[in-house]
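Input: a single structure, listed below in structure tokens.
The values are calculated or read from the model by the stated rules, or taken from the named source; none is laboratory data. Not measured: the values here are computed from a predicted model. Here the Cβ positions follow ideal geometry from the backbone for every residue, glycine too, while neighbour counts run over all protein chains shown.
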Amino acid sequence: MARILIIDDEASIRRTLREILEYEKYSIDDVGTGMEALSLLHDKEYDVILCDIKMPEMDGIETLEAIRQVNDTPVIMISGHGTIETAVEAIKKGAYDYISKPPDLNRLLITIKNALDKSKLINETKALKKVVSKQYEMVGQSEALQEIRELIAKVAPTSARVLITGENGTGKELVARQLHELSNRSYAPFIEVNCAAIPSELIESQLFGHEKGSFTSAIKQRKGDFELAHGGTLFLDEIGDMSLSAQAKVLRALQENKITRVGGEKDIMVDVRILSATNKNLREEIEKGRFREDLYHRISVLLIEVPPLRERNDDIPLLVKHFVELICWQQGKPLPLFTDEALLELQQYKWTGNIRELHNATERLVILGGNTITRDEVLKYARPLND
């Protein structure tokens, strides 16, 4: 049942609105002043707020401003003394809508329904953002991870290019996302390109875009990832697998801050911060002629090496707890309890697939195990292939 708060200094208006809205099956609270409303909002959450404009002590606009500092619940302003200027001011201050007194019943109910839809979207967005941020959270308290966090805190606010190294599955993408989120570009796009997953003949189109007709399947113009990341961060994952021809174009883009689409002639200015990652030893790749040394120096102003899980196995219980919460939320399952012996067993394994492999093992345990995960279930469902 949706909860609505009515703020109006006239008791008769509050009573009338309450009767109408309770008949429509809404849960209603009402107060006579803005101060009472703010006090109530510290203890309760509402889906929609109806607020009068002309009130003693604190008027409706002041109340609206104070509410906006507390939360983003849709506020519908109601007044019998308002003007167009007042309505415009209310909307500018963050009101969802403005209705004149006496309110037309149909319009009031439709406005409340629309505001409830917005409130639902706001709550869903908050929940999704929370899940997304939790997915990309760096979990653990090991000394190695603490050092990486400290390094990220120093590097993120700068514009320096960073090369992130480490084995597959160690969480290089998480480091890149943290660098973006803590940077001055966090409001702008974070675009990720997996260089290993894109065929070499398509990587240039992916990065720089193409003009219509530039090749057989180019049926329309397409912006590349450099353009899409303009103002933000471009994360080149597995950059060691990028073709030499694409490396040359990336080098030019970094040197000149401009690109040219495949099949195009026009230079396009771009402003992106480049973060790169690889599981390869780029020094060895340079010696074998598979990676450009000049590009290496361009992308590796700062180096961050992510340790394998076997070097931070004290973090495994925290990682398992984190994964279990995410997996159970996604699959609608109750949270199982892991015994100390089960966690200790997980800490003994050599996770060659690192965090990714541990996540998969945890998911198997959640799906196949019982309400309490024991050492026997770990031995049965989670043992890595190499053990």
Open item on the list: For region 189-203, give me each residue that is over 14 Å from Asp241 (Cβ atoms) and acidic (Asp, Glu).
Closed with: Glu192
Task: Filter result (in a strand (DSSP E or B) and surrounded by 13 or more Cβ atoms within 10 Å (Cβ to Cβ)) within region 254-270 - done: Lys258, Ile259, Thr260, Val262, Ile268
Open item on the list: Against the conditions (1) at pLDDT 95 or above; (2) over 20 Å from Gly224 (Cβ atoms); (3) in contact with a helix residue (DSSP H, G or I) (Cβ under 7 Å, 6 or more places away or on another chain), where does Gly171 fall short? Just the number, please.
Closed with: (1)
Open item on the list: I'd like the full set of residues that are out of contact with any helix residue (DSSP H, G or I) (no Cβ under 7 Å at 6 or more places or on another chain) and not hydroxyl-bearing (Ser, Thr, Tyr), limited to region 208-221.
Closed with: His210, Glu211, Lys212, Gly213, Phe215, Ala218, Ile219, Lys220, Gln221
- [ ] Taking Pro307 as meeting all but one of (1) assigned to a helix (DSSP H, G or I); (2) out of contact with any Ser or Thr (no Cβ under 6 Å at 6 or more places or on another chain); (3) surrounded by 15 or more Cβ atoms within 10 Å (Cβ to Cβ), write down the number of the exception.
- [x] (1)
Open item on the list: Quick check on my filter: what residues within region 276-310 are of a type in the set (A, V, I, L, M) and without any contact (Cβ under 8 Å) to a residue 24 or more places away in the chain?
Closed with: Ile286
Open item on the list: With the structure loaded, tell me whether Leu244 is surrounded by fewer than 19 Cβ atoms within 10 Å (Cβ to Cβ), over 30 Å from the mean Cα position of the chain (by Cα) and not β-branched (Val, Ile, Thr) or whether it fails that test.
Closed with: yes
Open item on the list: Which numbered condition in (1) over 20 Å from Asp117 (Cα atoms); (2) modelled with pLDDT under 90 is the only one that Asn71 fails?
Closed with: (1)
- [ ] Of the conditions (1) assigned by TED's automatic domain parsing to the domain that holds Arg375; (2) in contact with a Gly (Cβ under 8 Å, 6 or more places away or on another chain); (3) assigned to a loop (DSSP other than H, G, I, E, B), Lys280 clears all except one; give me its number.
- [x] (1)
Task: Test result for Ile373, in contact (Cβ under 8 Å) with a residue 24 or more places away in the chain, within 24 Å of Ala176 (Cα to Cα) and surrounded by 17 or more Cβ atoms within 10 Å (Cβ to Cβ) - done: no
